[in-house]
Amino acid sequence: MTRNALLTVFIVGCLTVPQLCAEDPLKNVTDLNRAGLQAHQQRDFDTAGAKFEQALEVVGYGQSGHEREAISLLRNLFVVRRDQYRLPEAEQQSRKALQLAEKTFGPSHRTVRNIQSDLGEVLWMQGKSYEAISYFQRALGATKGASDASEDDLVRASANLAVALRAVGQQSKAIDLLKPIVADCRLRGAKTYNSGVAINNLAMAMADLGEFQPAKELQTEAVEAFNAIDAQLAKASALMNLAQIKILAGEHDEVETILDSSLKLLTANGEDNRPAAVQTLSLLGAHYFRAGQTERAEPLLGKAAQISQTYFYAGHPDTVATLKLYSQVLKKLGRKKEAKQIAKQARAQEEQGNSAEHKVAQNVVDVKALLNESAKR
């Protein structure tokens, strides 16, 4: 967490600008970095990555007395590779940045804490949940003991750890961690991205344990929090999660409207063909299938299956669940040959997931609950 929001996590890396003055002989690094930032903003990820790599070559990857510049550039390159879903490369850049930052700043510096969170994020996105937990715990521990840590830093570190705990089935620990954090955010009237994340993650952990009414209330609060700060992609994920909770609670009446709103936000932000859309597409397709609207379900599930197979690691639970449901939809439409092929792909993905190191927990619903229900049709 999908985090999303691939899944349910809302963790973001920050693109930063190396501190080089105009008179510096390495001014070219500043120009390259600025060009990389602009390209990233325009979603030209290949150009952005190339610019940051060129700048890193100039500073010698921090081996020539320009450690601070290299750390900033490595973090920028990490964000680009993460956004491209080139996750092993993103992990590599984050590990390099962490090693250099610890050597340059010491183990408790804010930059080190942020990179630990970055690394935990990309590990979690690859299904390496237990290793992610170790980095999130380090970041949280250092944040609690740091004199320069803000209240929002603590919120972010706690929310990150809670998501990873949830992924390995430790919902109660996640809830215990987040309840005081959310209570403090409310007391302070905090209206930040990270406070919305904490509320969202608490809601989903409670939904995992069947506490649907408080989960719905919290999730509605998360949607409102993201709306207040115009965090559209986070709002899209929060809406998707609200739909999941309502489905679990047996309340299907508003699900289509909520998921439509989520999909519109994703489309408006150019994310409808990227991983952030997988669960919204899958849930909406599953909702239509449950309602007997099989022809409306097919293109949504087909699109979700294509995206997840393109971007997610082999055996990802969302890929498996989506393929299984897509196979049922195709069978219902009389496309039996295609259904068998998709079912075969689902089995292969499931076998890869079972044999891989990343045995992560299924998300609260993704499409599993609806898949089970649809199987009875």
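Exactly one residue out of VAL255, VAL329 is more than 18 Å from ALA348 (Cβ to Cβ), touching an Asp or Glu at 6+ places or on another chain (Cβ under 6 Å) and at pLDDT 95 or above: that is VAL329. Of the set (1) touching an Asp or Glu at 6+ places or on another chain (Cβ under 7 Å); (2) within 22 Å of ASN200 (Cα to Cα); (3) not polar (S, T, N, Q), all apply to PHE78 but (2).
Consider LYS331 carefully, then state whether it is under 28 Å from GLN126 (Cα atoms) and part of a helix (DSSP H, G or I). Before the answer, list the steps.
Values: under 28 Å from GLN126 (Cα atoms): no; part of a helix (DSSP H, G or I): yes.
Considered against the rule, which asks whether it is under 28 Å from GLN126 (Cα atoms) and part of a helix (DSSP H, G or I), LYS331 comes out as no.
Only residues that are surrounded by fewer than 24 Cβ atoms within 10 Å (Cβ to Cβ), of a type in the set (Gly, Ala, Ser) and modelled with pLDDT under 95 were counted across the stretch 293-326, and they come to 2.
Of all residues in the stretch 259-277, those satisfying the criterion of being in a helix (DSSP H, G or I) and either of a type outside the set (Val, Ile, Thr) or modelled with pLDDT under 95 (or both) are LEU259, ASP260, SER261, SER262, LEU263, LYS264, LEU265, LEU266, ALA268, PRO275, ALA276, ALA277.
Close contacts from the stretch 79-106, counting a first residue that is aromatic (Phe, Trp, Tyr) and a second that is modelled with pLDDT under 95 and buried (at least 17 other Cβ atoms within 10 Å of the Cβ), with Cβ to Cβ under 7 Å and a gap of 6+ residues or different chains, come to TYR85/PRO275; TYR85/TYR311. The set of residues in the stretch 84-117 being aliphatic (A, V, I, L, M) and closer than 22 Å to ASP152 by Cβ consists of ALA97, LEU98, ALA101, VAL112, ILE115. Before we move on, is SER172 closer than 30 Å to GLY210 by Cα, surrounded by fewer than 21 Cβ atoms within 10 Å (Cβ to Cβ) and small (Gly, Ala, Ser)? Yes, satisfied.
Here are some residues: GLU251, GLU256. Which one is surrounded by fewer than 18 Cβ atoms within 10 Å (Cβ to Cβ) and in a helix (DSSP H, G or I)? So that I can check it myself, show each step before the final result.
Working: GLU251 fails: in a helix (DSSP H, G or I).
Just one listed residue meets the conditions, GLU256.
Among ALA174, ALA167, ALA190, ALA162, which is the only one that is closer than 20 Å to GLN219 by Cβ, small (Gly, Ala, Ser) and over 18 Å from the mean Cα position of the chain (by Cα)? Step through it out loud before you land on a result.
On the way: ALA174 fails: over 18 Å from the mean Cα position of the chain (by Cα); ALA167 fails: over 18 Å from the mean Cα position of the chain (by Cα); ALA162 fails: over 18 Å from the mean Cα position of the chain (by Cα).
Only one candidate passes the filter, namely ALA190.
The set of residues from the stretch 141-169 being crowded, with 22+ Cβ neighbours inside 10 Å and either farther than 12 Å from SER117 by Cα or not hydroxyl-bearing (Ser, Thr, Tyr) (or both) comprises VAL155, ARG156, ALA157, ALA159, ASN160, LEU161, ALA162, VAL163, ALA164, LEU165, ARG166, ALA167.
The values are calculated or read from the model by the stated rules, or taken from the named source; none is laboratory data. As the structure is a computational prediction, the values presented were derived from the model and not from experiment. FYI the Cβ positions are ideal-geometry reconstructions off the backbone, even for glycines, and counts take in every protein chain you see.
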